[in-house]
Every structure is written in structure tokens, then in C-alpha cells.
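**Student:** Right, I'll just put the structure down here and ask away after.
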Amino acid sequence: MYYTYTGTSNGLNNYRVTLKLFMRCSSGRQFNNPAVISVFNRRTTARITNINASLSNTETISITNPDPCITNPPAVCYEVGYYNFSVSLPSNPDGYILSSQVNFRINTITNFTSGYRSVGALYTTEIPGTAPVINADKNSSAKFVGSDLVIVCANNRFSYSFAATDDDGDQLRYSFCNAFQSTSNGSGGNNSTPVGAPPYQSVPYGSTFDGSEPLGGQVQVNTNTGLITGIAPPTGIYVVTVCVDEIRNGVVIATQRKDLQINIAPCDIAGAVLQPEYQLCKDTKTITLSNLSNSPLIKTQNWELLNAQGQSLFTSASATISYTFADTGIYTIKLAINRNQPCTDSTTAIARVYPGFVPAVTSNGVCFSKPSNFSDATTTVYGVVNSWSWDYGELSASNDTSSKRNVTYTYPSMGTKSVRLIVTNSKGCIDTTIKPVNIVDKPPLTLAFHDTLICVRDVVQLKASGNGNFTWSPNVNISDATAPDPNVTPLTTTKYFVDLDDNGCLNKDTVLVRVTDRVNLQAMNDTVICSTDTIQLRVASNGFQYSWTPASQLINPNIRNPFAVTNTTTTYEVTATIGGCTAKDQVVVTTVPYPLVNAGTDTTICFNTPAPLNGTTNGNSFKWAPAISLTTANSLNPVAKPASSTAYVLTAFDSEGCPKPARDTVVVTVLPDINASAGRDTAVIINQPLQLTATGGTKYLWTPAIGLSAANIPNPVALYNTGSNGIQYKLLVYNEASCVDSAFLTIKVFNTGPSIFVPTAFTPNNDGKNDILKPIVVGMKRLEYFSIYNRWGQRIYTTNTTGQGWNGTIASMLQPSGTFVWMVKGYDYNDKAYFEKGTVTLIR
């Protein structure tokens, strides 16, 4: 809202006022008509009048030709409504506030607290009074003139002008400020209603946003120009309000406001984007850099690092660079993208390299309504610490800041306060540290113990911790009543009180020192256990320290109730101590041996074979488990026939005094069944080497050994000099336990050269005889193809796998009797090509 002073008549100042409202295009809403503008006294907030202003005109503004260097640009379009009206007001020292509201913003404002809906908007303009600047009431307000047709891309650098002009020539000062919510949120629908009296309530900003940082910490507004710049936050709708102060003769006479919902879109700008400054002020001289723009339109990137003299230290065309500076100083970073291409851009930044700057805070005093002291403990290797900005974290106060080095602050409330210190040094480094401080109604006081027992005339040290001055009472038999850890020697049971005073903040606590002249000790009754068992020894005692013997049989001999491992009958003695007082007692643990038991040695058997077990025991009864795979489970020597490897447990009992059974285990490992294989039956020709391959075991034996290079290996070579209708070999396959299985292999030896034989006819009638037409390959290393063709020359079947053939169908349809052409090609064992063709008769 803005206005122009048009003169004075009849003792009244006349103003021409404009209320300018923005609404996103195609929102489905309409501007209120009329709008209600309320006028209030600026100091007293008394309502002067309500004005009904009609909608004067509307216009649509939009971006029609977005920058081609923006990927996925959003539509930027506003409907703008203007309400022009006149108001005449008498001069007064206080001035006036004009206010108007709309009852709804959109429901998904990103920088509002989650869950808030139907938060309205409220707009104001201020007319100054005659005090303290004379004639300030004859004022024309600052008017925002920056363009609102701006595309803002998430996580990209941007600029947005909230600049204003002032016809009176007043100095203008800009700042982010709180957006106001309407005084009738969620009510009234689209109907305009009068605004409540100021002061006005801020909108509910989210935890990482506020009126001074509506777009987060990486976005600033220039106080002199109103230009908003920085790195945009993630995608969303953000409410941004800029206040402009009109300053005349050094005095702020009025503040005008612009409140806008900015759409930050998921787009990318092809740009060279860097932070203005990179600080290496902590613990490294290594910098890692990448372009903050991720636009896919960026094709090339060129980096250069320069020293203070302008000398180039480093260049790179990589997307991400890393460089370690050899020395301290201020360096220039240059980045250029898309040189000599569309969407070219460049930028510079500085790198400030002064490692060793560490901010730190020390403090004392933690009581509310009492002074708390904070001291800067920052260290710097280069330069000196030269500025401090404290924020004591008291949300209920506005005076909780300071720029001194060491400060004192009195908190008006309790709770955990986040004390923030921003420090700089003379080298330009800046850093922040935050220290949580728990402000309480009394200082923390911690005692090492609240109750103890000592022997008469013993000395005990009381221990308290906290910040402040200590006072112990009664001041009797105590070494130093003002020390945090005095020694006391009470002759009778005494309660000691400790008071802590931290700058007038008080706390207190007590310690009861009980005094005795003896130790009470009663050991457990003697007992009987099985030999080698563990038993817990127990005593009833008020002792503080204990010592058991023999210590070698105790897991921890210095506790009240230790565990003991007792192999033979043992007398255990315990000494209980309270300072100078001691007492002793004993307990006898008698041991009875377990019955002896031996399940025998582990064994390995062949698959599906028995294994005799051999157990022994001196017990008077026993049992095997699991018994299901044993022939006589009630015998010490049963026969096991497990289907898989099994652990058999022999449990023995006796009546000699140990009530527990003894156990031993024997493992019967069952080897897997042998899967003996000698390979598939085959055929060769005379003088053709044939590699045999056996699998399934660890040892092998072929019989007969006719034509084999060796009979006791898995892969002998067979070679024949005479033909044969078939030589059958038996292969014995052994595993690691000499278990054996067998397989057979038949080899036909043809007295021909390498050939492929194809039958002249076949009968595919599923009787198991001549149902498949397949080639017989002899002397061939591989079959390249075996193909069948019908009378029209169409290929109806093909394969390159030996042993496969045609079953007389095409697409699962039976073919009638007839003649078909076959062609076959292969390579013999000397890699010589072999080709043959012929005809075959299908008989149904």
C-alpha cells in the first residue's frame, strides 16, 4: 500500500492511496470488492475510520519469453488488482496506520510452521505525524517499483529487486521483516472485513526461518538498494516481506511494507555460481569447489585460482576441483562456463586461508535472576580476535545481545539457553559457536554419595562438586568446612549438610555418615556340588570390602558374592572390612564327581551305510539321542544308520551323590551319495583321439583299458586302430572314504572317415522307434547346423546340437507323409569343414 500527499484543505491533509494486491493467475479466486481499509492512530492504535474502497482496475502481468538458459522454467503470472481511494486526515503528532487484510493465503506456505492452514495476510502503510520532524505529515510514501516478473530456481543464485522510490527525497533503508497475519484468519470467506487494531501478529514461521531470514541464511537484502540476493532455498512457496524506512533529517518518520508470496521452482539456471567467499579458517588449507548450478545446459567449466599478485596457481576443466594452498593469504577463484557457446557465464569469489581460528566460550553462573558470566575463549593463529556478537538465547527478551568481549547477563527465566557467539579476527575470518547453558533456580550440586558406613575412628572424605562456595556443617571433626572435599572423623553417626553459594544462587544437600564398631558377617551354610561346577558363594554382611580365598578358584575374589569353580572339596574363607573393622567366616564346598562317560571316536561313513557306535560309562544308567536312527538305543554299542551327518549324545547317570548327568558326543559324518558319470555314449572313427571325462569322485578306474591312455585317471584319451560295433567301459568312482559307485560308457568305432549319417526315412508315431530324425555324427568336433526344408524350400527345422532332431511337426502340427530335404554341415576333429545334403521320407 502506498500514497501521495495531494495538499491541505479545510485543515485536513489529503492523500491519494493505492492498495495493490497480487494473485496468481488461474487461482480460481476473485479480488474482494470492495476492500476495507481501516485507519488507526499510530501511537494510541485508536480506530479513526473504516473505508470501503472499490476495485479500480486489474491487469495481468507475466513472463512470456523466459531466459533460454533456464531449464524447466515455471510460469510466472500475476493478476494485479488496484484499489484507489482518497482520505483526508487532520495533522497530529502521532501519525496514522492504514491497514487492510485478506483472510486466506494458500495452505502450503513452505516457510510457515507445519500444520498451519488458513493464515491470512495483512498489509499496512504509515503516514507520519508532525513529531519529531516538523511537516513530516506532508509526506508521500515510498513506493516499491521493482519488477515482480522474476524466476527463482531452487538452490540457484538469484536476485529480486524490492527497490522503492520516494518523491520527497527521503533516505530509504531496507530490511527483511515479519509478515503479518490477518486479524480474522479463516473467517469471512472472500468477503473483506475490517482489520483489528495494531500491533499485529507475525505469521507462524518454521523453525529454520523468521522474519529476518524468510528464505534462510543464504539470502540477504541490501539495506541501501532493496535488492535481494543469495542462494535460493529448496522448492516451495515462501512469504517474503521487506520493510523500507523513510529517513528524514536522520529520523525514521515512517515504515512501508511489501508482502509477497514467492514461488521457488524446481528449475536450473545455467550459470557460474559460487559463494561470495570461502573461508579456510579452521583446520585445513585444502579447498574443494564445484559449480553451485547443476543445469544440464552447462557443457564446459574452466577454473583458475590466483594469488594476491594475480599469478595463476591452478587451472582445471573438471566439474569438481580440489586444491591445497601452500601458504596463508587471500586468493581469487575464477569460474567460467560454456566459453564460446550459448549460456556463457563467469564469476569470481575469494578464498580466505588462515587456519587455526577456533571460537570458544567459557561461562559461570547458571541461576535465573542472578548474573551469568560469559567469556570469549577464542584462539587464532593468524591476526587477533577483533569483534564479538553475543546472543544469550533468551527468547522472551530483546536486550539479550552484546558486542563486548566478555559479558554478563541476568536471565529472567529458567530453561536451556543457546548462547551464540559470532567472532571475527583481523584476517577477516568469521565463525560461530553455540553453547547450551541450563539456567536453573539453584546451582547444580553433585555428591559422590549420600550415605556411607565407617568404622569408629576411621577417616572418610566427603566429595561435592559444583561452581561456587561450599559450607559444611556441623563443623565438628572436619578438616575444612569450606572445602568441596573435606575429611571427617565422626565418633557417632552424623548427618553432614553442605551449602553451595554461586553468586547468591543457593543449593544444599546432605550426607549421612554411619559409624559402627564392628562388622556383621554370616557366611552361607556348607554345601555339596558336582565336581567342576560353578557355585555362587553368599554372605549376609554390612561390610564395604571383601576378600575371598583361595582366590585362584574365584572369578572375582573381591566382591560380596563371588562365583567359584570347585574341582575338589574346598574351604572358602571370606574377610569383610569396614575401614579399620574386620570380620572373617568360612564355608565348606564338598564336591562329588560326575559319572564317567565316553561316546567313542567320531567316524565317517558312506552314504546309506551303517556305523557301529562304542560307548562306555561307569554310571548305572544311560541313554542315546537321537535314538530314531539307532538299531538298539538301549545298548552302549548300537548301530547307527543316519540319512545325513548326525551328532549322537550319550548321557549317563549314577547314584554316587552328583544329581546331574554327564554327557559326551560322537559325530557320524555321512558322505553324500556318489554321482558317478562316465559321459554320454558316443562314436568315433579309426585314429580319432577321444577325450573321456569322468566326474563324481576323487579316484577313478576304467575297465577294460582297451585304447585308453590310462585307466586310473578321470580323463584318459581313447584312440582306436580298428572298428567296433561298441566297446562298453565300466567306470568305478571312489570318494575320500573309498565309497564306490559305477557308471558305463559305450563307444562305437567306425571304419570310415569323418562323416555325418542321416537316415533315409523315419516314422514319428510315438512308438519309441524311429520317432526322431537326427544326424549320427562320427569323427566330428562340432555340428554347425542340421536343417530340414519342405518342398517349397522353406526351412522348417534347424539345430546345431548333436543328439537333437526333428519330430515331424511344424508349430506343433503333425506333417503328412512326404519327402523332405536335409542339409548338414560340421567340422571334423582336424577342423576340416564337412557338408552333405539329401532327402528323407516321413512315413505316417
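The values are calculated or read from the model by the stated rules, or taken from the named source; none is laboratory data. Bear in mind the structure is a predicted one, so any value in this text is a computation, not a measurement. In this analysis, Cβ positions are derived from the backbone assuming ideal geometry, glycine residues included, and neighbour counts consider all displayed protein chains. SASA here: full protein model, heavy atoms, side chains in, ligands and nucleic acids out. Shrake-Rupley method; radii C 1.70, N 1.55, O 1.52, S 1.80 Å.
**Student:** Tell me the carbon and sulfur percent of the accessible area for the chain, rounded to whole percent, probe radius 1.4 Å.
**Tutor:** Solvent-exposed carbon and sulfur of the chain make up 49 percent of the total.
**Student:** Please give every one of the lysines within straight-line cross-link reach of LYS143, meaning a C-alpha to C-alpha distance under 26 Å, and leave out same-chain neighbours fewer than 8 residues apart.
**Tutor:** Partners found: LYS20, LYS258.
**Student:** Give the cross-link partners of LYS781 among the aspartates and glutamates, using a straight C-alpha distance below 17 Å as the criterion and excluding same-chain residues fewer than 8 apart.
**Tutor:** ASP681, ASP828, ASP831, GLU836
**Student:** Related question: Can you compute the FRET efficiency between THR108 and ASN766 using 1/(1 + (r/R0)^6), with r the Cβ-Cβ distance and R0 = 45 Å? Round to the nearest 0.05.
**Tutor:** 0.05
**Student:** Using the heavy atoms of the protein chains alone and a 1.4 angstrom probe, what is the accessible area of the chain per residue in square angstrom?
**Tutor:** That works out to 50 Å² for each residue.
**Student:** OK, next. What FRET efficiency do you get for ASP210 and ARG29 if R0 is 25 Å and r is their Cβ-Cβ distance, rounded to the nearest 0.05?
**Tutor:** 0.35
**Student:** Can you compute log10 of I(q)/I(0) for the range 97-206 with the Debye formula, treating each Cα as one identical point scatterer, at q = 0.17, 0.21, 0.23, 0.24 Å⁻¹?
**Tutor:** -1.07, -1.25, -1.29, -1.30
**Student:** Let me ask something else about it. Based on the Cβ-Cβ distance of ILE330 and VAL456, what FRET efficiency does E = 1/(1 + (r/R0)^6) give at R0 = 51 Å, to the nearest 0.05?
**Tutor:** It comes to 0.10.
**Student:** For a distance above 26 Å, tell me the whole-number percent of Cα pairs in the range 1-152 that qualify.
**Tutor:** In whole percent, the long-distance tail amounts to 39.
**Student:** Can I ask one more? Distance from a point 7 Å along Cα→Cβ of THR582 to each backbone N in the range 524-546: keep the residues under 11 Å and list them by number.
**Tutor:** none
**Student:** Mind jotting down the three principal axis lengths of the range 36-121 based on Cα atoms? Whole angstrom, largest first.
**Tutor:** So the three principal-axis extents are 55, 35, 23 Å.
**Student:** Do any of LYS299/LYS427; LYS285/LYS404; LYS334/LYS404; LYS404/LYS435 go past 27 Å between their Cα atoms, and which?
**Tutor:** LYS299/LYS427; LYS285/LYS404; LYS334/LYS404
**Student:** How large is ³J(HN,Hα), in whole Hz, for each residue of the range 122-137 in order, when computed from phi with the Karplus curve 6.51 cos²θ - 1.76 cosθ + 1.60 and θ = phi - 60°, using x for Gly and Pro?
**Tutor:** 9, 10, 9, 9, 10, 10, x, x, 8, 10, x, 9, 5, 6, 5, 5
**Student:** Sketch the reach of a paramagnetic label on LYS660 as a point 7 Å from Cα along Cα-to-Cβ, and name the residues of the range 524-560 whose backbone nitrogen lies under 18 Å away.
**Tutor:** Counting backbone N atoms under 18 Å from the label point, the list is 527-538, 553-556.
**Student:** Now for a separate question. Which of the lysines could a cross-linker bridge to LYS508, judged by Cα under 26 Å and excluding same-chain residues fewer than eight apart?
**Tutor:** Hits, sequence-local ones excluded: LYS370, LYS417, LYS442, LYS463, LYS495.
**Student:** So how much accessible area does ASP499 have, in Å² to the nearest 10, using a 1.4 Å probe?
**Tutor:** 60 Å²
**Student:** Right, another one. Hey, quick one: spin label on ALA197, modelled 7 Å out along Cα-Cβ, who in the range 24-49 has an amide N within reach, i.e. under 14 Å?
**Tutor:** So the set is 39-49.
**Student:** If I model a spin label as a point 7 Å beyond the Cα along the Cα-Cβ vector, how far apart are those points for ILE706 and LEU506 in nm?
**Tutor:** The answer from the label model is 11.9 nm.
**Student:** Right, next: The range 484-541: percent of C-alpha pairs farther apart than 14 Å?
**Tutor:** 74 percent
**Student:** Quick one: accessible surface of LEU506, probe radius 1.4 Å, all protein chains present, in square angstrom to the nearest 10.
**Tutor:** Near enough 110 Å² of accessible area.
**Student:** When a/c reaches 1.5 or more, the comparison of a/b and b/c decides; with that in mind, is the range 739-844 rounded, prolate or oblate per its Cα gyration tensor?
**Tutor:** Oblate, because a/c is 1.5 or more while a/b does not exceed b/c.
**Student:** While we're on this one: Above 49 angstrom, tally the Cα pairs of the chain and express them as a % of all pairs, no decimals.
**Tutor:** Everything past 49 Å amounts to 64 percent.
**Student:** Can you compute the modelled spin-label distance between ASN608 and THR284, with each label point 7 Å from Cα toward Cβ, in nm?
**Tutor:** In this crude label model, ASN608 to THR284 measures out at 6.8 nm.
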